[in-house]
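The values are calculated or read from the model by the stated rules, or taken from the named source; none is laboratory data. Worth saying up front: this structure is predicted, and the values here are computed from it rather than measured. Counting neighbours? That spans all protein chains shown, and the Cβs are built from the backbone with ideal geometry, glycine included. When the accessible area is computed, the model is the full protein with side chains, heavy atoms only, and any ligands, DNA or RNA have been set aside. Shrake-Rupley method; radii C 1.70, N 1.55, O 1.52, S 1.80 Å.
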Amino acid sequence: MECHQSYQYYSSSDLHDQQDLSYISSQPSLQSVPSLASQSHNQSNTCHHCLTTLQGQNSYTSSLTLAGNFIYTGSSDGEIRSWRCNSLHEFDSENPTLDHNMVAAGKGAVKSLAISGDKLFSAHQDHKIRVWKINTHHEQDRQKCSRLATLPTLGDRAAKLLMPNNHVQIRRHKKCTWVHHVDTVSALALSSDEQLLYSVSWDRTLKVWSTTDFRCLESVSNAHDDAINAVTSSNDGHVYTGSADKRIKVWRKDLGEKKHSLVATLEKHNSGVNALALSRDGCVLFSGACDRSIVVWEKKEGEAHMEVVGALRGHTKSILCLAVVSDLVCSGSADKSIRIWRGVDRSYTCLAVLEGHNGPVKCLTAAVDDDHCSSSNMSCIIYSGSLDCDIKVWQVFVPSS
């Protein structure tokens with residue numbers, strides 16, 4: 001492993017709450033990028049309704065992910081819960097206390113979740129990543145998680161501790177090994193083969209971990225000039241990071257190389273980037289920011305680099321989260337709404353606006369509901385978590401493309 005250069009880091013714990021809520025502050029709308037969406041919403045052939053509201057949490061849901069018949073939620077009080085669903089539309093949510101479905105409890109708000117097989121990875125505000133083994137009790141169809149590791153592991157830290165070139169400067173009089181995140185771990189993403197876990201942090205680093213032995217394989221220091229809020233990866237090996245510095249950066253590790261290198265910097269937003277999502281084929285990137293716009297980027301034909309093609313507008317406040325399901329893009333905003341978009345030949349339409357939350361929509365995930373699809377309509381289930389502490393489950397029917 002090559003020596004990692006030191007970086008200056010000036011954040012302190014008393015700034016966490018302020019930084020955690022800064023993404024909600026909306027900035028002037030992005031005017032330099034042409035709009036891709038028509039002004040009128042084509043919702044005549046789209047119908048939607050809220051299937052249920054999962055309540056009972058004492059804090060807001062900050063992350064969501066789906067795995068099989070379970071949806072996992074991470075909250076600002078450090079709890080991770082699982083909710084069982086049958087055919088994605090019938091929920092075990094009868095018990096209002098919800099004690100039975102808390103599967104794990106960590107320290108610090110859960111900022112992101114990722115699942116690989118029977119392993120659940122959670123990113124926390126206390127600078128740690130925790131790895132949980134999912135244990136399913138078949139007789140009850142309930143789940144509990146047992147903790148496998150906390151990253152960086154003790155062995156990883158000990159192995160790096162004795163070598164001076166493994167230490168980086170984090171404050172004026174403080175150093176630590178490069179395997180540590182030293183601020184909130186804000187987002188996680190898995191590689192396409194699920195062998196690697198990517199983590200980003202408000203400490204401005206991108207780290208790469210093995211999902212088998214949990215070692216930190218690489219750390220890109222000063223990956224951005226400000227806190228990193230989002231990360232996603234494509235099937236061709238590109239890693240995308242979005243930051244409060246208004247930039248999206250594209251990283252790749254070529255065959256035979258030891259480290260990821262910067263291959264492109266995407267600059268169009270005029271405020272911090274909060275969310276990233278890729279189309280199924282990885283050819284279209286969607287980025288959401290405090291400028292109330294979702295910028296659409298496409299790969300140039302025959303090239304790996306992205307070019308901006310336009311923006312989706314309609315939200316009145318910051319874009320906080322994005323999710324892609326089939327050929328649809330879902331966006332959640334500080335304006336308390338969720339919008340469903342579909343694009344055809346670089347022309348996008350807002351198919352639906354889902355309203356019902358009483359607070360900013362912080363996280364989204366979605367899945368196709370095969371049981372209710374037909375030759376003329378596609379059914380999707382959308383899960384949304386909000387600062388109102390509710391999780392809503394929506395069913396959306398859209399015309400088949």
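Key figures for this structure:
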item: Per-residue ³J(HN,Hα) for segment 145-153, Karplus 6.51 cos²θ - 1.76 cosθ + 1.60, θ = phi - 60°, Hz, x for Gly and Pro; result: 10, 10, 6, 8, 6, 10, 9, x, 6
item: Residues with amide H under 5 Å from that of Val33, placed H, sequence gap 5 or more; result: none
item: In sequence order, calculated HN-Hα J values of segment 185-198 (Karplus, 6.51, -1.76, 1.60; Hz; x Gly/Pro); result: 7, 8, 7, 10, 8, 9, 5, 4, 8, 6, 7, 10, 10, 9
item: Whole-Hz couplings from phi, Karplus 6.51/-1.76/1.60, listed for segment 204-209; x for Gly and Pro; result: 6, 10, 10, 10, 10, 10
item: Interchain or long-range residues, amide H under 5 Å from Ile129's placed H; result: Leu151
item: Burial order of peptide ranges 149-156, 325-332 (average beta-carbon count within 10 Å, highest first); result: 325-332, 149-156
item: Segment 301-390: GluC sites (Glu not before Pro) falling in loop per DSSP and having at most 14 other Cβ within 10 Å; result: Glu301, Glu303
item: Of Lys246/Lys362; Lys259/Lys317; Lys111/Lys249; Lys207/Lys299; Lys128/Lys175, pairs whose Cα-Cα distance is over 29 Å; result: Lys259/Lys317
item: Among Val368, Val344, Val398 the positive-end extreme of the charge dipole of segment 335-401 (Cβ point charges); result: Val344
item: Within segment 333-372, trypsin sites (Lys or Arg not before Pro) in DSSP loop having at most 12 other beta-carbon neighbours inside 10 Å; result: Arg346
item: Portion, in percent, of the accessible area of segment 149-285 that falls on carbon or sulfur, probe 1.4 Å; result: 48 percent
item: For Val273, distant residues with modelled amide H under 5 Å away; result: Ser243, Ala244, Asp245, Lys246, Arg247
item: Accessible surface, per residue, of segment 203-246 when the full set of protein chains is kept, probe 1.4 Å, Å²; result: 28 Å²
item: Electrostatic dipole magnitude of segment 178-273 [Cβ: Lys, Arg +1; Asp, Glu -1; Cα centre; debye, to 20]; result: 160 debye
item: Longest to shortest principal axis, alpha-carbon extents of segment 221-339, angstrom; result: 46, 31, 20
